[in-house]
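Visitor: One structure coming up, written as structure tokens, with questions to follow.
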Amino acid sequence: MAATAGRVVRTGRALARWAESPVSDVGVFVIALGVYGAVSIALPLQAGRDLPRYLLDYAQLFDSHVTYPYAILSRTPGTGIVTGVLLDLGPIVSEVGAAVLYALSVAAWFAVARRFGPVAALVTAFALLAYPGYVLLFHELASDALFAAAFALVALLLMRAVEVPSSGRAAALGLGVALLVFMRPVGQVLVVLGLVPLLAARGRRPRLLAAGAFALGALVPLVALAAHNSVRADDFTVVRGGSASLLFRTFVADRIVAPENGEASGELARAVSRELLPNEPYRSRGIDLQTFFSSGSSRMHDDLTVLSDRTWGWDDDYRHLGRVAREAIRAHPGAYARGVSKDLWRLLLWPLYAPVTDSASPPPSQGGSDQPSSSAPASSPAPTDGEPIPSSRESPSITTPDGRIREVWTSPTEHGFVFRDPADRVESAALDRDVNDLLGGLPDRAERRRLVARVNDLSRLYPRPFMWLLLGLVAALWRRPRRIVVPAVLAASALLVMLSTSLAVYAVAEYSVPLVPAFVLLATTGLFGLRAR
């Protein structure tokens, strides 16, 4: 027994010495690659949420004429560029690239935890390598995995800015926040991290320099993006449609939008009665105003987006829809608060599972329901997924400042795009081919359903995000390790992103998994971090 205990102690000391050495970063990176490869035996890299929309942005990136400006404006370009380049290089490079991003993310969190001691670093690495949801996230090529990688980088840059405050490190942190926004627009809320280098610096002048450097690092890329969007898509903005997202929460998730909520809501109802309900696909299905506003239909929300551009103009930028959403919140504050809190709790509770497909059923289309297509007319199936209409009357993806592209219904089921300029039709067909060719860069091997089911079993058993958060808060308050403010700030940032997401859309697990490592770090450093002398 004594000999066994002695071996355990010696092994623990050897691991601690290894964790403190520079080579440990490489070791964690290599181990993470092995974990990704093991999961890839069961599950190949797949198209993640909204991947075709990001690829449509990438396909138009260098075109002299933008056919679909909404595709560029409704998504920031970082995800489209990274995924498009990977897919351009083929299936092997795509999968290896996703594996490298996963391994770098785990290594970055390990490097942050190492500042709190070798035990905290080792436990952090083990907890993340054992986290099924995190590695599954990087098997879905989408903004979620890239946001996770960018958030890991921001965590490392934040740690460095606190360790040795300087203008250069503050600027690097600002660039990291801009990168988050380039991957997913909700990253804009993390500009509050600029307070960290401001407070970490000593003296008035260093603080002003740090704040200015952070602002330059964060704002210059975002202003450049807004200028690019203004020149190429006629809208000086980082991303278009923030007010429409708020309407999504109130119209689709909470179903509290109604004509009687206020003046803007009544004006919207009149536009719906005039422009949508007398036309297909609404007319043949007998949809009235009450059914429209009580449906919670995402397809009808899409029609509201296009209706806003047609009625109040492209330059309105959905401000009228934002007023409608705010009227709904003022009229039903309790329902909105309950919806937001419920979805925030779901983000703290839900694990991520890999999809297990039925081999007897046809594979789902990778194109997405709102992917522009130049083919016309198109036949729509009967309403599915509880939706009252088979498709939105007009896809938001085709909306333009001058209305030169429209979607026309010739029967209750037949519809297609009409182009004012024949050159747009030609370019649209070319974009269809480009996006399909890019999607062909995904691996084509089949998943192993039994192995995927085992991975999902492990995901079901792994501690939920709120458990890590509660454990971290208790441990941090109890032990008070040195520099615990950094994990606390990162955990608070993760909660802020989750709350901002819940204010606009309903919960899906992919929104929370990129942020869970911040809760893990808070727990591991709270329990095992070196205490202040």
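Visitor: Go through region 262-289 and give me each residue that's polar (S, T, N, Q) and more than 18 Å from residue 308 (Cα to Cα).
Guide: Once the filter is applied, which keeps residues that are polar (S, T, N, Q) and more than 18 Å from residue 308 (Cα to Cα), region 262-289 yields only 284.
Visitor: Okay, next question. Among what's in region 419-461 and is among the aliphatic types (A, V, I, L, M) and open to solvent by 70 Å² or more (accessible area, probe 1.4 Å), pick the residue that is farthest from residue 132 (Cα to Cα).
Guide: Step by step, filter region 419-461, then rank; the result is 426.
Visitor: Considering region 267-288 alone, what residues qualify as being in contact (Cβ under 8 Å) with a residue 60 or more places away in the chain, open to solvent by 20 Å² or more (accessible area, probe 1.4 Å) and among the hydroxyl-bearing types (Ser, Thr, Tyr)?
Guide: The one that is in contact (Cβ under 8 Å) with a residue 60 or more places away in the chain, open to solvent by 20 Å² or more (accessible area, probe 1.4 Å) and among the hydroxyl-bearing types (Ser, Thr, Tyr): 284.
Visitor: Working carefully through the options 479, 464, find the one that is more than 25 Å from the chain's Cα centre (by Cα) and open to solvent by 10 Å² or more (accessible area, probe 1.4 Å).
Guide: None of the other options fit; the residue is 479.
Visitor: Please find, among 79, 67, the residue that is open to solvent by less than 10 Å² (accessible area, probe 1.4 Å) and either under 21 Å from residue 444 (Cβ atoms) or outside any loop (DSSP other than H, G, I, E, B) (or both).
Guide: On inspection, the qualifying residue turns out to be 79.
Visitor: Based on what the data block shows, is residue 339 at pLDDT 95 or above, over 26 Å from residue 144 (Cβ atoms) and not acidic (Asp, Glu)?
Guide: In short, no.
Visitor: Still on this model: Which of the residues spanning region 289-324 are without any contact (Cβ under 8 Å) to a residue 60 or more places away in the chain and hydrophobic (A, V, I, L, M, F, W, C)?
Guide: Within region 289-324, 289, 292, 293, 307, 312 meet the criteria.
Visitor: A further question on this structure: Out of (1) closer than 28 Å to residue 401 by Cβ; (2) open to solvent by 30 Å² or more (accessible area, probe 1.4 Å); (3) under 21 Å from the mean Cα position of the chain (by Cα); (4) among the hydrophobic types (A, V, I, L, M, F, W, C), the odd one out for residue 101 is which?
Guide: Of (1) closer than 28 Å to residue 401 by Cβ; (2) open to solvent by 30 Å² or more (accessible area, probe 1.4 Å); (3) under 21 Å from the mean Cα position of the chain (by Cα); (4) among the hydrophobic types (A, V, I, L, M, F, W, C), only one is false for residue 101: (1).
Visitor: Can you give me the number of residues within region 222-261 that are on the phi > 0 side of the Ramachandran plot and open to solvent by less than 30 Å² (accessible area, probe 1.4 Å)?
Guide: Residues in region 222-261 being on the phi > 0 side of the Ramachandran plot and open to solvent by less than 30 Å² (accessible area, probe 1.4 Å): 1 in total.
Visitor: Further question: If I go through region 305-322 residue by residue, how many of them are surrounded by fewer than 19 Cβ atoms within 10 Å (Cβ to Cβ) and either part of a helix (DSSP H, G or I) or touching a Leu at 6+ places or on another chain (Cβ under 8 Å) (or both)?
Guide: 6
Visitor: Ok, one more. On the basis of being part of a helix (DSSP H, G or I), basic (Lys, Arg), more than 27 Å from residue 389 (Cβ to Cβ) and modelled with pLDDT of 95 or more, does residue 330 make the cut?
Guide: yes
Visitor: Residues in region 292-304: is at least one open to solvent by less than 50 Å² (accessible area, probe 1.4 Å) and of a type in the set (Lys, Arg)?
Guide: Scanning region 292-304, I find at least one residue that is open to solvent by less than 50 Å² (accessible area, probe 1.4 Å) and of a type in the set (Lys, Arg), so the answer is yes.
Visitor: Let me confirm something: among 377, 412, 383, which residue is within 26 Å of residue 74 (Cβ to Cβ), modelled with pLDDT under 90 and either in contact with a helix residue (DSSP H, G or I) (Cβ under 6 Å, 6 or more places away or on another chain) or open to solvent by 70 Å² or more (accessible area, probe 1.4 Å) (or both)?
Guide: Only one candidate qualifies: 377.
Visitor: Just give me the residues in region 35-64 being in a loop (DSSP other than H, G, I, E, B) and either over 30 Å from residue 449 (Cβ atoms) or open to solvent by 20 Å² or more (accessible area, probe 1.4 Å) (or both), in sequence order.
Guide: 49, 50, 60, 61, 62, 63, 64
Visitor: Could I ask something else about it? Can residue 72 be described as modelled with pLDDT of 95 or more and either at negative phi or open to solvent by less than 40 Å² (accessible area, probe 1.4 Å) (or both)?
Guide: no
Visitor: When region 202-214 is examined, which residues are found to be open to solvent by 40 Å² or more (accessible area, probe 1.4 Å) and touching a residue at least 40 places away in the same chain (Cβ under 8 Å)?
Guide: Selection gives 206, 209.
Visitor: Then there is this: So how many residues does region 256-290 have that are in a loop (DSSP other than H, G, I, E, B), under 16 Å from residue 326 (Cβ atoms) and out of contact with any Asp or Glu (no Cβ under 6 Å at 6 or more places or on another chain)?
Guide: The number of residues fulfilling the criteria is 3.
Visitor: Of all helices (runs of 4 or more DSSP H) completely enclosed by region 126-201, which ones contain at least 3 residues that are crowded, with 24+ Cβ neighbours inside 10 Å?
Guide: Filter on region 126-201 gives 132-137, 143-163, 167-183.
The values are calculated or read from the model by the stated rules, or taken from the named source; none is laboratory data. Quick caveat: nothing in here was measured; it's all calculated off a predicted structure. Because the Cβ atoms are built from the backbone with ideal geometry, glycine has one as well, and the counts that use them run over all protein chains shown. What goes into the accessible areas is simple: the full protein's heavy atoms, side chains included, and nothing from ligands, DNA or RNA. Shrake-Rupley method; radii C 1.70, N 1.55, O 1.52, S 1.80 Å.
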